[in-house]
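Just dropping this structure here.
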Amino acid sequence: IENLPFEDPALLRAASTLGAGALRWPGGSVANYWSIADGRYDDHAKSGGLGKVYADIWGPRTAWAPRGTFGPRQFWDGVGSASAGAAQTGPVWVLNVFSLSPAEQLQQVAFLRQTGVPVSRVELGNEAWQYDKNLDSGKRVRRWPNGSAYMASILPVCRRVRELFPGALISVSGHHADQRWNAGLAEYADHFDAVSLHVYSPIQCDLDLLGPGLNQYSAVA
């Protein structure tokens, strides 16, 4: 998210030209530290770890504008519906289940309802399995140790989405390689409709698992 208003004419022209069939808002890791009600980085995100990096480095790019300038209604009225495909399906709304309190996580669902934007697809967090750095110990830690803990944490949000948007599809955060994480999701399969997988392979750490030689070459090919 840059400091470019969603109704900027050049941005609208670009979106129309691209013809995207799906737009995901407010994006990837940004969503884990974003307040859709305020249209800026969540104040809690500044407490440490990756959230502090986002809030400190990129926060000023949106903080110049009044609260709400980069909100969901503004997004949908601007670039969010600029391409025909996106206008037909509506965005994938990525909710913050990382830095918000449990009560605030539920409030953001109600806020989407209040704004009147189309809600047909909701994603609960971005790459919930990702590692962050504990600023006290310097160690890399997960927000949730496994998929079961993640699902147990977001279950109230799943239920609120079902309550307020009964026709919406809910996606949860899966892992492209960690089947133990995904097995934890499967325990709660009745509560979601899809799994989001972000596959960035082949990256070096994946290739190293294959050993040297032809196996690596084949994976890249």
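At 222 nm, what helix-only mean residue ellipticity would the chain give, in deg cm²/dmol to the nearest 500, using -39500 (n - 2.57) for each DSSP H run of four or more? Before the final figure, lay out the partial values.
Working: 10 runs with 89 residues, N = 221.
Per the formula, -11500 deg cm²/dmol.
Quick one: length gained pulling A189 to R142 fully straight, 0.36 nm per residue minus the C-alpha distance?
Working: separation 47, 0.36 × 47 = 16.92 nm, distance 2.19 nm.
Between A189 and R142, full extension yields 14.7 nm more.
Turning to a different aspect of this structure: If you count only protein heavy atoms with a 1.4 Å probe, what accessible area per residue comes out for region 131-216, rounded to a whole Å²? Kindly include the intermediate steps, with their values, before the conclusion.
Details: 5280 Å² over 86 residues.
Here the per-residue accessible area is 61 Å².
While we're on this one: Per residue Cα convex hull volume for region 1-130, in cubic angstrom? Walk me through the numbers before you get to the answer.
Working: hull volume 13.2 nm³, N = 130.
Convex hull of Cα atoms, per residue: 102 Å³.
Next question, about the same structure. Testing the spin-label approximation: label points 7 Å from Cα along Cα→Cβ at D8 and W64. State their distance in nm.
The modelled label-to-label distance comes out at 1.0 nm.
Residue by residue, what Karplus-based ³J(HN,Hα) values in Hz, rounded to whole numbers, does region 18-23 have, using 6.51, -1.76 and 1.60 with θ = phi - 60° and x for Gly and Pro?
Couplings: 5, x, 4, x, 8, 10 Hz.
For D42, what residues show an amide H to amide H distance below 5 Å, using hydrogens built from the backbone and excluding near sequence neighbours?
Residues meeting the criterion, in which the H sits 1.01 Å from N, are W34, S35.
Assuming 0.36 nm per residue, please report the length gained on full extension of the stretch S120 to K46 beyond their Cα-Cα distance.
Details: separation 74, 0.36 × 74 = 26.64 nm, distance 3.08 nm.
Additional length available on full extension: 23.6 nm.
If I compute Cα Rg over 2.2 N^0.38 Å from the structure I just sent, which labelled value in [x] 1.07; [y] 1.12; [z] 0.99 lines up?
[x]
What is the antiparallel percent of DSSP beta bridges lying wholly in the chain, to the nearest 5?
On the way: 5 of 17 bridges.
Here the antiparallel bridges make up roughly 30 percent for the chain.
Okay, next question. In whole percent, how big is the carbon plus sulfur part of the accessible area of region 84-155, probe 1.4 Å, protein atoms only? Don't skip to the end; give the middle numbers.
On the way: 1650 of 3180 Å².
Whole-percent figure for carbon plus sulfur exposure: 52.
Using a 1.4 angstrom probe on the protein heavy atoms only, line up K139, K52, K46 by accessible area, largest first.
Of K139, K52, K46, the descending order of accessible area is K139, K46, K52.
Ignoring ligands, DNA and RNA, what accessible area per residue does region 1-111 give at 1.4 Å, in Å²? Don't skip to the end; give the middle numbers.
Details: 4870 Å² over 111 residues.
That works out to 44 Å² per residue.
Can I ask one more? Karplus couplings for region 109-115 from phi (6.51 cos²θ - 1.76 cosθ + 1.60, θ = phi - 60°), rounded to Hz, Gly and Pro as x?
Those phi angles translate into 5, 4, 5, 4, 4, 5, 6 Hz.
Let me ask another. Which residue, P91, P102, P26, has the most motion in a Gaussian network model of the chain that connects Cα atoms within less than 10 Å?
P102
What is the extension gain from L209 to A22, computed as 0.36 nm multiplied by their sequence separation minus the C-alpha to C-alpha distance, in nm to one decimal? Numbers along the way, then the final one.
Details: separation 187, 0.36 × 187 = 67.32 nm, distance 3.35 nm.
Taking 0.36 nm per residue and subtracting the Cα distance, the gain is 64.0 nm.
So for region 148-217, Kirkwood radius off the Cα pairs, Stokes-Einstein at 4 °C and 1.567 mPa s: how many µm² s⁻¹? Kindly include the intermediate steps, with their values, before the conclusion.
Details: Rh = 14.1 Å.
Reported coefficient: 92 µm²/s.
The values are calculated or read from the model by the stated rules, or taken from the named source; none is laboratory data. All values derive from a computational prediction rather than experimental measurement. Please note: Cβ atoms are built from the backbone with ideal geometry, for glycine as well, and neighbour counts cover all protein chains shown. Please note that ligands, DNA and RNA were not included when accessible areas were found on the heavy atoms of the full protein model with its side chains. Shrake-Rupley method; radii C 1.70, N 1.55, O 1.52, S 1.80 Å.
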